[in-house]
Amino acid sequence: AATAPGKKITARLKRTLPVRGPQAPTLSELMRWYCLNTNTHGCRRIVVSRGRLRRLLWILLTLSAVGLILWQCAELLMNYYSASVSVTVQFQKLPFPAVTICNINPYKYSAMKEYLSELDKETKKALETFYGFSEGKSKVRRSVDEWNSTGSDFFQQIPLLKVEDFSRTVIDLHSGQKRKIEGSVFHKDSSIVNSGDSNDIIGFQLCDANNSSECALYTFSSGVNAIQEWYKLHYMNIMAQIPLETKEKLSYSADDLLLTCFFDGLSCDKRHFTRFHHPLHGNCYTFNSGQNGTILSTSTGGSEYGLQVVLYIDEADYNPFLVTSTGAKIIVHDQNEYPFIEDIGTEIETAAATSIGMHFTRSRKLSKPYSDCTETGADIPVENLYNKSYSLQICLHSCFQKAMVDSCGCAQYAQPLPAGAEYCNYKKNPNWMYCYYRLHEKFVKEQLGCQQICKDACSFKEWALTTSIAQWPSTVSEDWMLRVLSWDKGQKLNKKLNKTDLANLMVFYKDLNERFISENPANTLVILLSNFGGQLGLWMSCSVVCVIEIVEVFFIDSLSIVMRRQWQRAKKWWNGRKRAGSGKAGSGKAGSGKAPQAGDVERQGHDNPVCIDEDLPTFTTALRLPLPRDSPLPRTPPPNYSTLRLETAFTEQLPDTLELGQH
Amino acid sequence: MNLKKYLVRALHRLQKGPGYTYKELLVWYCDNTNTHGPKRIIKEGPKKKFIWFFLTLLFASLVFWQWGILINTYLSYNVTSSLSIGFKTMKFPAVTVCNANPFKYSEVKHLLQELDRLIEAALERILQPTPGNSSENVSPPLNLQLWNQIPLVLIDEHDKDNPVILDIFETNQTAGGNETAAGNETDASNGTAGGNQSSCSHQGSDNCTYRNFTSAAQAVTEWYILQSTSILSRVPLQERIRMGYQAEDMILACLYGAEPCNYKNFTQIYHPDHGNCYIFNWGMDEEALNSSNPGAEFGLKLILDISQQDYIPYLSSAAGARLMLHQQKSFPFLKDQGIYAMAGTETSIGVLVDELERMGYPYSDCTVNGSDVPVQNLYSQYNTSYSIQACLRSCFQNHMVEICGCGHYMFPLPEGVNYCNNEDNPGWAYCYSSLRSSIKQRQICIDSCKETCNDTQYKMTISMADWPSEASEDWIFHILSYERDMSTNVTLDRNGIIKLNIYFQEYNYRTISESAATTIVWLLSSLGGQFGFWMGGSVLCLIEFGEIIIDSLWITIINVIGWCKGLKRRRAQARYPDAPPTVSELVEAHTNLGFQQEAVGALPRDEALPPEPGTPPPNYDSLRVQPLDVLGPDSDAE
C-alpha cells in the first residue's frame, strides 16, 4: 500500500542496482553453478555427466589436470632464473693488452751485496755444515770467521735445523747441540717424508716469541726446498726494511732490461713502458699500460704486427739462492687488472725466440640472482688494496693481508700495504713469522673465511696464449746479431753480449676474432607467463579469468554464503529464544519460514535456468531441457535469454533476502 | 543462370544487412565467444559488470602489449649456443711444415752477394767507427746503386729540434771518402737514436720519409728484407722453388699412426715468407685422413732437418721449423697462426679442435663461402677456401696494385700485374711503407671483409723435450744421414734436427653450435600462451572477433547508406514543399481527371510532369524489402 517514499526508492534501487551476493543460497548450489558456468573445461563434465563411474572418472581427470598444472608451473617457476649462453665472434680492431715483463731475478745481486752479505754467509755455512759443500775453501773459511765475529741474533733465532726424525731430536746449525723438539711438526712435503728413512731432514723451527713453548717445526723432504724457503723468509725480513725508492734503484732500469722494441711495424722505446714495482720480482715494465690515457690497438694479426722485444737478462748478476732459474716472466693482462705475475706469469727462456700468439675471449656472467658473482666488487666487505679493478685474486690477497694486519700487527711483504700498517720485519715484530705461517696455514685450509667472502668477477677478459720457442739467434746470424745488439746497448756495457743473456719475445694476435661469451636470461617474464598460459590452456583451458573466478567463487562467494547461513542461524536461534520467552506463536512462524526455502532449493534444482547447457548438451541432458519458449523475434540472439534468466534467478532469490531484511 | 541467381541473392542479402543491431551483436558476441572475459560482463550485475569490463580491457591490453614484446624478440633473431665436448673420429688437421729460412744460402748466394757485402761494410762502419780499418782495402768496390735507393742513416737526436742525419757511407760514389764519415759516426753512436732507414719516393727528394728504429739490429733486418725482397721478386717462381728446401732433404721420417709415410705424402706449396712449405693431409687430391684414436701413438710423427748452417744470415735470425695446423683446403697463414719448433728438441702437440658453427644472415653477419664479400680473393688461385686472412691480404694487395702499380712479393698477384722491384718501380718501398702504416687502409679492409660462419681453431698443448738424447744421438744421426745422403758420414747435427708429434687429445673436439633461439613455432606457442593465460583465447577467438568486426562494419555501411538515402529523400522533399502524392492519389489522378487541380492552359505539359518527381526512389527500396523477406531464410540457409 502506501509505503514511505524512502522505502520505495530503496526498493527501486535494489531492483535496478541489486546488491548481489553469491548466486546460490547453499554451497552445493554454488558449486553446481560454478561448475556449469565456469570457463575451465573439466568441471562442467563432472556436473553434466550421468552415472557414478563417469562422474568419478571426470573428477579424477580434473584433479589430475589441476595437479599437472601445479607441478608444471612450479617447474617453470623454479627454472625461471636460468641463463642461456650465447657466443658471438666479431672480427674487429682489437685493443692490445698490457704486457708486463719482469726479470726473474728481482734485484741486481751486486747492488744487494751490502744488505744480503750476512744472510748469504749464513746460507753458505749451512750448506757446508749439512752437505759438506763449499764453493771455494778459502772463501768459506773467511766467511765462517766473519760470522763468528758479527753473528746476528736473528739468524740464531730461526736457524736451520737437521732433524733426526727417529729420535725426534734436532741438531742446531750454530751450536751443534742436540735437543729434543717439542710442539707440532709441520712437513711441507708431508706425504713424501718417510720416518723410517735414514736420511736426515732439514727444516726450521718457528716459535711464538711470547710463549716459547708454542713452536712449529717446518721440515722439507729436500734440502733444496728447505734452504730456499728459509732464505726467502730472511730475505723478506731484510727487504721489508728497505724503502721503496731504494729498492727501485736496486732493481733493473728500463734501459737495462729492454734492448729493442718494435710494435705494429713501428719502433718503440722505454717511453712506451711503465714501471711497476713488484715486491717479489723487483722492477717490472708494463707495455701499453694505458697510463697516459691511450690504449694501443692492432688492426692486423700476425707476428709482424705485435710486440717484439729483445730483453737483456744479466745472468751473471743473479741471486744464487733466491732464484734458481734464468729468464724473464711475462703476463698478458687487461689495463685495469693487477698483474699477478708470481701466480700466473709465463716464463721466457734465454737464447730463444718465444712467440706468443694470443686469442682474445671476453666473458660475461649474469649477476644475482642468476649466479653469485660481483660486477664491481663494491658489495664485497673486503677493502681492495691494489688500486686496480676487482678480481678474485685481489680479493683473496687483500683479505689475507687484512687478517695478517689484524692478528700479527704488521703486513706481509709480498702484498700492498693497507692504510696505517707497515711491513713486517723482525726488528719491530719478532713474532711475525710464526704468526704468518700459522695464518697462512689457516688461509690454505679455508679457515679464515676469505674464500667464502670473495666472489668471482662477473666479466673478465682472457687472452689464451699459444707459446712456441725457436732457437735465436741462429748459428749463422749469431755473430752479427750479438755485435749489433752490443752496439745498441751502447757504451754502458763494456763487455760483449752473450746469447744466454738475451731473450727474444714476440706477443701478437693470432687473429682479430674476438669471442664474446655472454650469459643471457633464458626466461623473461613474458615468456614465463606465456608458458603458464600454455600449461593452463593445455590441461584445462583455463586463464587468469578462471583464476579470478575461482577466487570469487571459492573464497568470496562461499564465504559470504557461509556467513549468511551463520547469520540466519544465529538470528533464528535468537528469535527462537525470544519466542520461547514470549510465547509459542514463534515456532509456527519459524516453520513457515523454513518451508519456502526448501521449496526454493528444490525448484532451483530442476529448473534453475543457469543449469541449462549452453553448448552441446548430451543426449540425456537434452531430454531434461525445458522447452525453449517461443520468441517474439526470431532474430534475437540467445544471450538475451540467459541474461533474462539470470534476472529471474535473482528475483526468485530476492524474497529470501528481503525476508532477511524484514526480520 | 544459377550463378546469376546466386549473385542476385547475395546482393540482396548484402543490401539487407545482418539483421540485428549493434547492441544485439555485442551481447550475442559476449555470450558466445570463447574468450573468457566478455561472458562475465553480460552475466553479472552492474557493479561486477563494470569490474569485469575493466578487467577484460586490462587483460586485452596486456595481451597486446606482451605480443608486441614477443614479436620484437622474434625479430631480433637471437641465437642460443649449445656446447658439446668429446671424442669422435675426426679429420686429422692439415699440417704445414716450413723452414723458418726461405732459401738455401748456398743457392741464393750469387744473387745476394752484392747486398751481403754492402751490409757487412755498413755494419763494419757502425760497429767499428775507429778510422784506419783495413777491411775495405781488401774488398772489391761496393755496388752503391742498391744503397742509394734506400740508404741506412744514423740520426743523432741529442738535439731534439735539429736531428743530425748521417749517411753511413757519407760520400756518395767514391769508396775512398770513408774516413771523414767515420769520424762523424763516433758522435752518432753516442746518441740516443740507433740505426735508421730512409726511403724516398722516386718523384723527388722532397717525398722522403725516415723510418726510425731505436735498435740497429732491427733497422738492419728490415732494410735487408726490403732489399732482398726486391732482388728475389725478379727471380721466376720455378727458380725460387728450386732454391728452397726440397721435401726429400727436409722431411727425414714420417709416420702416421702405424702407417709409414714419406715426403711424397706432402703437397708442396710456395710460401713467400718461408719458401717451400709442405702440407700433410691437405685433402686437395685425395681424401682427408681420419684419426679415430687419441694419443701420440696414433698421430703424426715427423723428423725434420732444417740445416741451420745454410741459413741466410741477415734474413731470419730465429732458427727452427715453422708449422701450422689448419683445415683441409685452406691456405696456411704461417705468419699469423704458425708456431715454431726448436731444433734439437722433440715437440709434442696435443690438438683440440675448437669449432664454432654459426647461423648466417639474419642471425649474424658472416659469410659461408666468401662469395658475398666485395674483395677479389687472390688466394683462390691455390684452390683454397675463403678465410678472413685471405680476404685481408687480398684487400691489401688490391690496394697496393691500385696505388703503387705493382704487387707486393708476400702476396699472390692479381692477373696482369708484376711484383714490385727496385728497377721497374723505384718508388715502391716508399709507397708500400706508407700504405702499410695507413690506418685508413686497414680499416677499409676490416670493414669489407667478413668472417666465415664456421670458425675452426686448433687449440694446441705444446710441450718440449730434448731430442735426441745424448745416449741415442750417435746412432740416430747415423741412420738418418745414411737414409738421406747414402753416406756413412754424419751429415746432420743437433742444430738442424727436429722431431714433431702431432696427435689428438683425449677430448678432441669442442663444438659450439648456434641455433635460432626464437623460431616461428616458438613465437606461435608463446603468443598462444599469452592469449590463453590472460583471456583463455585462441586463434578461433580472433576469427570470432573478426567476424564481429565485419558484421558491425556491415551494419554501419547499411546504416550509412540508409542515412544517405534518407538525406537525399529529404532534399528531394525539400524541393517539393508539398508532400509527394501517394500511389492512390496518383492512381486517382490518372483515372479521375476531374479531381485534379485546375491549372488552365498548362494542362498538357502538366500531364507529363507530375508522376516522375512524385515517386521518390526510397519508396521503391522499402517496397522491395518486403518481397525479399521471403528470400531471407533461404539465403540464411546457404
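The values are calculated or read from the model by the stated rules, or taken from the named source; none is laboratory data. What you see is a predicted model; the values in this text were computed from it and never measured. Reconstructed Cβ throughout: ideal geometry from the backbone, glycine too, with neighbour counts over all protein chains shown.
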Options A:488, A:479, A:511: the member that is crowded, with 22+ Cβ neighbours inside 10 Å and either β-branched (Val, Ile, Thr) or more than 20 Å from residue A:93 (Cα to Cα) (or both): A:488
Selection within the range A:269-297 - surrounded by fewer than 22 Cβ atoms within 10 Å (Cβ to Cβ), of a type outside the set (Lys, Arg) and within 13 Å of chain B (Cβ to nearest Cβ): A:269, A:272, A:296, A:297
Evaluation of residue B:517 against (1) more than 23 Å from residue B:53 (Cβ to Cβ); (2) crowded, with 19+ Cβ neighbours inside 10 Å; (3) modelled with pLDDT of 85 or more (one fails), failing number: (3)
Residue match in the range A:413-430 (condition: of a type in the set (A, V, I, L, M) and without any contact (Cβ under 8 Å) to a residue 12 or more places away in the chain): yes
Index of the failed condition, residue B:530 passing every other in (1) touching a Gly at 6+ places or on another chain (Cβ under 7 Å); (2) within 30 Å of residue B:321 (Cα to Cα): (2)
Helices (runs of 4 or more DSSP H) completely within the range B:30-130 that count 3 or more residues being buried (at least 17 other Cβ atoms within 10 Å of the Cβ) and away from every other protein chain (no Cβ under 13 Å): B:105-127
Looking only at the range B:449-475, and only at residues there that are more than 20 Å from residue A:361 (Cβ to Cβ) and within 11 Å of chain A (Cβ to nearest Cβ), the one that is surrounded by the fewest Cβ atoms within 10 Å (Cβ to Cβ): B:463
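One line per residue, one yes/no per condition, for (1) in contact with a Ser or Thr (Cβ under 9 Å, 6 or more places away or on another chain); (2) at pLDDT below 85:
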{"residue": "B:531", "(1), (2)": "yes, no"}
{"residue": "B:545", "(1), (2)": "yes, no"}
{"residue": "B:560", "(1), (2)": "no, no"}
{"residue": "B:579", "(1), (2)": "no, yes"}
{"residue": "B:598", "(1), (2)": "no, yes"}
Complete set of residues in the range A:309-331 that are surrounded by fewer than 21 Cβ atoms within 10 Å (Cβ to Cβ) and among the small types (Gly, Ala, Ser): A:316, A:325
Members of the range B:519-534 that are closer than 16 Å to residue A:545 by Cα and touching a residue at least 60 places away in the same chain (Cβ under 8 Å): B:530, B:531, B:534
Matching entry among B:302, B:352 (being touching a residue at least 12 places away in the same chain (Cβ under 8 Å), assigned to a strand (DSSP E or B) and either assigned by the TED database to the domain that holds residue B:110 or buried (at least 22 other Cβ atoms within 10 Å of the Cβ) (or both)): B:302
Index of the failed condition, residue A:441 passing every other in (1) farther than 17 Å from residue A:309 by Cα; (2) in a helix (DSSP H, G or I); (3) within 14 Å of chain B (Cβ to nearest Cβ): (3)
Residue under evaluation residue A:460, criteria (1) more than 14 Å from every other protein chain (Cβ to nearest Cβ); (2) outside any strand (DSSP E or B), criterion not met: (2)
Helices (runs of 4 or more DSSP H) lying entirely in the range B:207-252 (those with 2 or more residues that are out of contact with any strand residue (DSSP E or B) (no Cβ under 8 Å at 6 or more places or on another chain)): B:216-232, B:237-243
Residues satisfying the stated conditions in the range A:405-431, i.e. touching a helix residue (DSSP H, G or I) at 6+ places or on another chain (Cβ under 9 Å) and acidic (Asp, Glu): A:422
Selection from the range A:515-536 of residues that are over 24 Å from the mean Cα position of the chain (by Cα) and crowded, with 19+ Cβ neighbours inside 10 Å: A:526, A:527, A:529, A:530, A:531, A:532, A:533, A:534, A:535, A:536
Qualifying residue in the range A:91-114 (condition: within 14 Å of chain B (Cβ to nearest Cβ) and of a type in the set (Val, Ile, Thr)): no
